[in-house]
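Notes to accompany the following structure.
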Amino acid sequence: RPVDVALERATPDPATDIVVAARDGTERQIEFKVSAIRDRDGAAGGFVLVFRDVTLAREARAALEESEARFRVLADQVPVLVWMAGAAGERTYVNRPWLEFTGRSMEEEAGTGWTTGIHPEDFGPQQAALAEAVAQRKPFDLEYRLRRHDGEYRFVLDTGVPRSDGSGFAGYVGAAIDITDRKQAEATLGRFEQSKSAFLAMLAHELRNPLAPIRSSIELLA
C-alpha cells in the first residue's frame, strides 16, 4: 500500500515504522527517517530517506524483555534477596523479598541507595571489597549486617557473579541470605564447647586427688 512521507523543510521527521512484505512473503519491520539536504545558506535542496530493516533487532529486544519478565517473576518467588547491578556496581534491580526485608521502595534502593542500610561498622570494609571485585570483574562473597524494616541489623551473606550482555561485562547478578540465626547457633555451640572443656578440665583436676590413694591401694593389693 502507498505510504505518505511528509517532507518537512524545517526539521527532520522522527523515525517512522512500517511493515513491508519481503520477496519471500515474510513481513519485515522497516524504520525510515527523512532528512533535508541543505546548502550553505541553509535552504533545502532535496531530501534523503533512509530505510533500515529492524526486524531482527525488534525480535531480539522482545525476547530480552520476555526473558527479563520471566526472571522478575521467578526472582519474586524465591525466599532470598535477589539483586542485579550495572557495570559500575550500582543496583538496577532488587526483588520483592529484598524490598519486604528493608521496607523500602525500588526507587530508594536503586543506584547506591541500598548502601544506607549497611551497618556503619561494616560499610567501609564491605564497599572496599565490593569495589575491588567490580574492578577485577570477579565473583565475590561478602558478609555484612543489613538493616531490616524493623530497625534490627541482620547478618547477610551476599554472593555476586559477573554477567554479560553479549558484548562484554555488564555487571552482576546476586543473592543475599539472612545468616543471623546460623551465626547465633554457631556462637551458642562455641560457648557450649568452651563450657564442656572447662568442665572436663575441672573434673579431671577434682578426681586426681581422691584417685591417688585408691591407685596406691590397688598397687599394694596387687
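For beta carbons closer than 7 Å, sequence separation of 6+ or different chains, a first residue in segment 62-90 that is within 14 Å of TYR172 (Cβ to Cβ) and a second that is assigned to a loop (DSSP other than H, G, I, E, B) and open to solvent by 50 Å² or more (accessible area, probe 1.4 Å), the qualifying pairs are GLU90/THR112.
Restricting attention to segment 130-155, the residues that are surrounded by fewer than 17 Cβ atoms within 10 Å (Cβ to Cβ) and more than 18 Å from LEU81 (Cα to Cα) add up to 6.
If you check GLU100, GLU107, GLU143 for being touching a His at 6+ places or on another chain (Cβ under 9 Å), modelled with pLDDT of 90 or more and of a type in the set (D, E, K, R), only one passes: GLU100. For ASP122, are the conditions met, namely being in contact with a strand residue (DSSP E or B) (Cβ under 8 Å, 6 or more places away or on another chain), among the acidic types (Asp, Glu) and open to solvent by less than 20 Å² (accessible area, probe 1.4 Å)? The answer is no for ASP122.
Condition first: under 13 Å from THR115 (Cβ atoms) and without any contact (Cβ under 8 Å) to a residue 12 or more places away in the chain. Now tell me which residues in segment 125-177 satisfy that. Passing the criteria: only ALA128.
Within segment 132-144, which residues are assigned to a helix (DSSP H, G or I) and under 14 Å from the mean Cα position of the chain (by Cα)? Break it down stepwise before answering.
Restricting attention to segment 132-144, the residues satisfying the condition of being assigned to a helix (DSSP H, G or I) are 132-136.
Selection gives ALA133, VAL134.
Reported count of residues in segment 30-58, each being of a type outside the set (D, E, K, R), under 20 Å from VAL20 (Cα atoms) and exposed (fewer than 14 other Cβ atoms within 10 Å of the Cβ), is 6. Scoring VAL73 on the criteria (1) open to solvent by 60 Å² or more (accessible area, probe 1.4 Å); (2) farther than 30 Å from ILE179 by Cα; (3) at pLDDT below 90 leaves a single failure, condition (2). Select, from GLU109, GLU65, the only residue that is within 21 Å of PRO162 (Cα to Cα) and out of contact with any strand residue (DSSP E or B) (no Cβ under 9 Å at 6 or more places or on another chain). Matching residue, one of GLU109, GLU65: GLU65. Residues that are open to solvent by 30 Å² or more (accessible area, probe 1.4 Å) and assigned to a strand (DSSP E or B) within segment 156-188 comprise LEU157, THR159, VAL161, PRO162, ARG163, SER164, PHE169, VAL173, ALA175, ILE177, ASP178, listed in sequence order.
The values are calculated or read from the model by the stated rules, or taken from the named source; none is laboratory data. It should be emphasised that the depicted structure is a prediction, and the values quoted were computed from it without experimental measurement. Methodologically, a virtual Cβ is constructed for each residue, glycine included, from the backbone with ideal geometry; neighbour enumeration extends over all protein chains shown. The area values use the complete protein model at the heavy-atom level, side chains included, leaving out ligands, DNA and RNA. Shrake-Rupley method; radii C 1.70, N 1.55, O 1.52, S 1.80 Å.
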